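A.B. asks: Following this message is one structure expressed as structure tokens.
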Amino acid sequence: MRENNYICGKTTTMARVKIEEKWGQQLAAEFEKPYFTALTDFVRQEYATTQCYPPGSKIFNAFNTTPFDQVKVVILGQDPYHEPGQAMGLSFSVPDGVVLPPSLRNIYTEIKDELGITPPASGDLTRWARQGVLLLNATLTVRRGLAGSHQRRGWETFTDAAINALATQREHLVFLLWGSYAGAKAQFIDPARHLILRSPHPSPLSAHRGFFGNHHFQLCNEYLTKWGKTPIEW
């Protein structure tokens, strides 16, 4: 399969980061814009001089695990996790064996309360991504221990373009927008064409304000079934 290569790394060799072919076609214009050149230079410098997450090979993990044509659901996060061993390029997801972060723990609680199933102990959400759940952070990289350190450098422009591509080129997707930051992305999405589900964020600071009991996982699967799509095994 042909892939578009973009360089990011912290060695003189530089690790090549690859993006899935159909995503590459949808986002080709973004890669040629001045902001993306500046972003690439910034990220390359950051990875060369400081500890950053996720690993370079995982920066585009959300796109590579969930090809453009296979997306059924979008769950939007803000930043990658910024502590060692957590970030893996999928929003809210952590590698197998890593202690569940509080927000993911609350997500699992809501799934259990809604659907009556007990999620696995693992916080690796690759199983969702492979079913068509795009786990996309608005910012794809971060410096260790500094949340938001790579915001407003261009990633948001890039991921907004990805959301817009899905909203305009695909039909009957489900967008789970949790928290005010994710909720603002509704401006890119036609509610007559897709299902938009909004609620407070699952973080401990806001989950009790409306994330718990939002029934998003149930409503998502009902919508997918209505339009002849296989529901997600949460």
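We did not get these values from a lab; they are worked out from the coordinates using the rules stated. What you are looking at is a predicted structure, and each value in this text was computed from that prediction instead of being measured. Glycine gets a Cβ as well: all are built from the backbone with ideal geometry, and neighbour counts include every protein chain shown.
A.B. asks: Looking at the calculated P(r) for the range 123-234, what percent of the C-alpha pair distances fall above 25 Å? Walk me through the numbers on the way to the answer.
C.D. replies: On the way: 1522 of 6216 pairs.
The share of Cα pairs beyond 25 Å in the range 123-234 comes to 24 percent.
A.B. asks: For the range 49-133, how big is the tail of P(r) above 22 Å, as a whole percent of Cα pairs?
C.D. replies: On the way: 912 of 3570 pairs.
So the pairs more than 22 Å apart make up 26 percent of the total in the range 49-133.
A.B. asks: When ranked by the protection proxy of mean other Cβ atoms within 10 Å per residue, highest first, what sequence do the peptides 110-117, 98-105 form?
C.D. replies: 98-105, 110-117
A.B. asks: Can I ask one more? Quick one: angle between helix 155-169 and the longest Cα principal axis of the chain, in degrees between 0 and 90, rounded to 10, please.
C.D. replies: 50 degrees
A.B. asks: Going through the cross-link list 18/229; 33/58; 58/112; 18/226; 22/112; 33/72, which pairs have a Cα-Cα distance over 26 Å in this structure?
C.D. replies: The pairs that break the limit, which is 26 Å between Cα atoms, are 18/229; 58/112; 18/226; 22/112; 33/72.
A.B. asks: Quote the Stokes-Einstein diffusion coefficient, in whole µm² s⁻¹, for the range 74-187, based on the Kirkwood radius over alpha carbon pairs, a temperature of 4 °C and a viscosity of 1.567 mPa s.
C.D. replies: Working: Rh = 15.0 Å.
So the translational diffusion coefficient is about 87 µm²/s.
A.B. asks: With a 10 Å radius around each residue's Cβ, average the other Cβ atoms per peptide and rank 208-216, 138-146, 150-158, highest first.
C.D. replies: Taking the mean over residues of other Cβ atoms within 10 Å, the ranking is 138-146, 150-158, 208-216.
A.B. asks: What are the aspartates and glutamates whose alpha-carbon lies under 12 Å from the alpha-carbon of residue 185, with same-chain residues fewer than 8 places away excluded?
C.D. replies: The reachable aspartates and glutamates, counting only those whose Cα sits under 12 Å from residue 185, are 156, 160.
A.B. asks: Where does helix 102-115 land angle-wise versus the long Cα axis of the chain, in degrees 0 to 90, nearest 10?
C.D. replies: The helix 102-115 is inclined about 30 degrees to the chain.
A.B. asks: Moving on. In deg cm²/dmol, rounded to 500, what helix-only [θ] at 222 nm does the chain give when every DSSP H run of at least 4 residues adds -39500 (n - 2.57) and the total is split over its residues?
C.D. replies: Helices in the chain give a 222 nm mean residue ellipticity of -9500 deg cm²/dmol.
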